[in-house]
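The next block holds one structure in the form of structure tokens; read it before the comments.
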Amino acid sequence: MIKLQHFGSLVVLDEEYTILALSEFAAEKAAGAINTLLGTNFFESFGTVFGDAIKKIANTLSELRENGQSRHILPIKVFRERVYFKFKIHKNRFYIEWEQQHKKYISARKINEFNFLLDTIQPNNWDRVCLAINKLLNYDRVFVLQVQETGYSEVIAEHTADGKPYFKGKEFSREFMPKEAMDYYSGYSYRYVPNIRKNDQHFVYKEDSIDTLSSLLCPLPHLHRLFLEKIHVQSALFFRICIDDEFWGLVIAQHAEEKVVDLQQRKLCTFAIQAATNKYESHIKQNLLERTELLNIAEVELKKSLSENKMVNCALVQHMDTLTQLVNADGLSIFNQGDVFSHGYTPPKPLFYKIIQFLQQHSDKALFKDYNFSLNHQHHFKEKLNFAGLMYLKVGLENDYYLVWFRQATQSRVMQIKPNRSRLQHPDHLELWEDVRHDVAKPWNDAEINFVLRLNQIIKESIFRKLKERQLLNEELLSLNNELEMFTYTLSHDLKNPLSILKMGIQFLQQHSDNIDFSKTNKWYQNFSRSVSNIEDIINNIVQLSQNRASVLNKEPLPMAYTLQRIFQENKILYDATECQSHFGQLLPIWGEKSAVYQIFTNLIVNAIKYSGQSEKPTIKIESTNQDDMTYYCIQDNGIGIPQEHLPHIYEMFTRADNVGGIPGTGIGLSLVKRVMERLGGTIEIESKVGLGTTVHLYFPIVAPFPEHMLND
């Protein structure tokens, strides 16, 4: 048997209007024994009691069934008094609940005063909300209780009749708002207790599936009832607050004496709190947009620094102030292979080294956070920790590079609430005391953690990019060394003959200057002139070859199958695109320069992976054919696509379409691809449609027939 509150009656029917459950007061109205009414037809058992009103009730039930509505309220005059009937359909059951109407209407003066207060409520002014609600209710106090991520509940606003704060600034311990309590308050827009001391009524039922949690008559959670009794509260109202469809907290009204609040007043309070919640939610979203904009600006600056600096650490040190602010930390220390750089409020360097040693030994996570770090781990350190909260990001796989953020301790007063389960003879005994929490920092929220995760991705991309750049630089350096070796060989070999002629002629003239005739002398001078001309030609050819390297690349036949698959797999891992699938068709060889071709396809495949990441089934197709004297490649994705008005500008430096959102990029890749294609003597064409994807067409000139083994590969 279950008990319900005393201020109303409840009957539960099946689809055939058979009574499956009813409360004690409902049975009394029907003038029948509560058990004998179970299983009877509702209209037969209550038809006489409700009189003419039974037709309105029947029509309402039919409308609910036909229109698919879940709730309806109907004021009816019955039992020679005005009554609110509340109808609800839940799991194919009809819940009929009724209570007395205490007021016909709320005065116009009261409504105007209430509306004025509502209009003046700012998006984040919950104190004003409490004042407006209490103008309507006239309770001893009204306060807003926000459930924190830590499980503690903080009173962030309050209005009291005597002007004294009772709970504002205090927190309630985790035990005060367990999951079952949040489920209770989430199930209805408000909960109402006119008098906690009045005896509850019995509720009997035939089926265990009957859910009383969706009824206003469902009593408070036992712990909250004990708490109200402990602080001498008789009447209470609880209005839920949901942000983004998640339970956020409560507006709570408390009164020391019995207080009857009419349904109209309760509903009006509900609408007011919902309006204030909508303002607050819009305020949060606006702040989120502003923060996102700040993050985007910070990311651009950070990426720029990472690209300009040879070392990642140099860029991070330059932006320590920004990295500290964006996670709302009091300080940041960077540990890099024994070197320490600190900004803001951080531990002394000797203590910081010990903290790093502790983290290296006790955690292998890439991201670690603990707002109670000092409280939980002080016993591991001889020195007093001068902070409360800690969050670190480990860069790379080795334990030699950390970004560690610190938060100072805050002090808070906590209402500790625990039922004393050891006193079996007093099951309703409640222990209640106020405590002060030290060595605890404000928890790291989702937005701050997401920024750190994004920072980790930016650093990973920068490191990977620098490794690739270093690899390409090494390849280019090797190519330059080969060219230098060739130039050296040319100079030593091709200049040897003309220089030998010059040397031999000079020696001959020196030895026979007295007896040589004019014709022979003239012949030698002609030889000297030709030798000098040959030396000039050789030097000019070498200079010209060196200059042409900037615009024309040396080409060789390159097999592409393994290279393209490797590029896709590497960047699929880098961009965490586990859902992205590839379809490779025939992959023909290309006449080109290895590093240039690698650069072209890396840029295009990375774009395809990034901009198809939001698709339901991201897919990239790559295939090729021979077209006359060209090798044609096609790269196709099913990503977000490029708007038509942006297509003429896609090769311009630092230009990006306006539909990329938060997808990272610099607007340089396609410009580089086009330039490299032109150096190879090829062309690029791009087709795209928003929402359908992008297709890239590449045409590489065939310089000469490919080796047979490449075509069979």
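The values are calculated or read from the model by the stated rules, or taken from the named source; none is laboratory data. Please read these numbers as outputs of a predicted model, since none were measured by experiment. Counting neighbours? That spans all protein chains shown, and the Cβs are built from the backbone with ideal geometry, glycine included.
Are there any pairs, at least 6 apart or on different chains, whose C-beta atoms fall under 7 Å, with the first in the stretch 264-292 and part of a helix (DSSP H, G or I) and the second of a type in the set (Ser, Thr, Tyr), and if so, which?
Matching pairs, first to second residue: Arg266/Tyr190; Arg266/Tyr192; Thr270/Ser189; Thr270/Tyr190.
Conditions (1) surrounded by 14 or more Cβ atoms within 10 Å (Cβ to Cβ); (2) modelled with pLDDT of 80 or more; (3) closer than 30 Å to Trp126 by Cα; (4) not assigned by TED's automatic domain parsing to the domain that holds Asn399, marked per residue:
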residue: Glu290; (1), (2), (3), (4): no, yes, yes, yes
residue: Asn296; (1), (2), (3), (4): no, yes, no, yes
residue: Lys304; (1), (2), (3), (4): no, yes, no, yes
residue: Ala315; (1), (2), (3), (4): yes, yes, no, no
residue: Asp321; (1), (2), (3), (4): no, yes, no, no
residue: Thr324; (1), (2), (3), (4): yes, yes, yes, no
residue: Val327; (1), (2), (3), (4): yes, yes, yes, no
residue: Leu332; (1), (2), (3), (4): yes, yes, no, no
residue: Asn336; (1), (2), (3), (4): yes, yes, no, no
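For the stretch 1-72, which fully contained strands (runs of 3 or more DSSP E) count at least 1 residues that are surrounded by fewer than 18 Cβ atoms within 10 Å (Cβ to Cβ)?
On the way: elements: 2-4, 8-13, 19-23.
Counting at least 1 such residues, we get 2-4.
What's the number of the only condition in (1) of a type outside the set (A, V, I, L, M, F, W, C); (2) in contact (Cβ under 8 Å) with a residue 40 or more places away in the chain; (3) assigned to a helix (DSSP H, G or I) that Glu207 fails to meet?
(3)
If I filter the stretch 656-713 down to residues being basic (Lys, Arg) and outside any strand (DSSP E or B), which single residue comes out as farthest from Lys594 (Cα to Cα)?
My answer is Arg656.
Quick check on Arg82: is it closer than 27 Å to Arg266 by Cα, exposed (fewer than 15 other Cβ atoms within 10 Å of the Cβ) and not polar (S, T, N, Q)?
Numbers: closer than 27 Å to Arg266 by Cα: yes; exposed (fewer than 15 other Cβ atoms within 10 Å of the Cβ): yes; not polar (S, T, N, Q): yes.
It is true that Arg82 is closer than 27 Å to Arg266 by Cα, exposed (fewer than 15 other Cβ atoms within 10 Å of the Cβ) and not polar (S, T, N, Q).
Exactly one of (1) farther than 30 Å from Gly39 by Cβ; (2) in contact (Cβ under 8 Å) with a residue 24 or more places away in the chain; (3) outside any strand (DSSP E or B) is unmet by Ala253. Its number?
(3)
From the set of residues in the stretch 197-214 that are within 17 Å of Ala181 (Cβ to Cβ) and of a type in the set (S, T, N, Q), which is surrounded by the most Cβ atoms within 10 Å (Cβ to Cβ)?
Thr212
Report every pair of residues separated by at least 6 positions or lying on different chains whose Cβ atoms are under 7 Å apart, first residue within the stretch 23-48 and touching a residue at least 60 places away in the same chain (Cβ under 8 Å), second charged (D, E, K, R) and surrounded by fewer than 20 Cβ atoms within 10 Å (Cβ to Cβ).
Close Cβ pairs satisfying both conditions: Ile34/Glu24; Leu38/Lys206; Gly39/Lys206.
Regarding Lys369, is this residue at pLDDT below 90, in contact with a Leu (Cβ under 8 Å, 6 or more places away or on another chain), of a type in the set (D, E, K, R) and assigned to a strand (DSSP E or B)?
no
Residues are listed down the side, and each one gets a yes or a no for (1) out of contact with any Pro (no Cβ under 6 Å at 6 or more places or on another chain); (2) of a type in the set (A, V, I, L, M, F, W, C); (3) touching a residue at least 24 places away in the same chain (Cβ under 8 Å); (4) part of a strand (DSSP E or B):
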position	(1), (2), (3), (4)
Leu294	yes, yes, yes, no
Ser333	yes, no, yes, yes
Asn376	yes, no, no, no
Leu397	yes, yes, no, no
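Are any of the residues in the stretch 22-39 charged (D, E, K, R) and more than 30 Å from Gln234 (Cα to Cα)? Spell out how you get there, then give the answer.
Restricting attention to the stretch 22-39, the residues satisfying the condition of being charged (D, E, K, R) are 24, 28-29.
If we keep only those that are more than 30 Å from Gln234 (Cα to Cα) as well, we get none.
No, the stretch 22-39 contains no residue that is charged (D, E, K, R) and more than 30 Å from Gln234 (Cα to Cα).
Would you check if Ser235 is more than 16 Å from Leu137 (Cβ to Cβ), touching a residue at least 12 places away in the same chain (Cβ under 8 Å) and of a type in the set (S, T, N, Q)?
For Ser235, the condition - more than 16 Å from Leu137 (Cβ to Cβ), touching a residue at least 12 places away in the same chain (Cβ under 8 Å) and of a type in the set (S, T, N, Q) - is not met.
Before we move on, is Ile668 farther than 19 Å from Pro589 by Cβ, modelled with pLDDT of 90 or more and not aromatic (Phe, Trp, Tyr)?
In short, no.
If I filter the stretch 438-457 down to residues being crowded, with 17+ Cβ neighbours inside 10 Å and at pLDDT below 85, which single residue comes out as farthest from Phe176 (Cα to Cα)?
Checked the stretch 438-457; the qualifying residue farthest from Phe176 (Cα to Cα) is Asp439.
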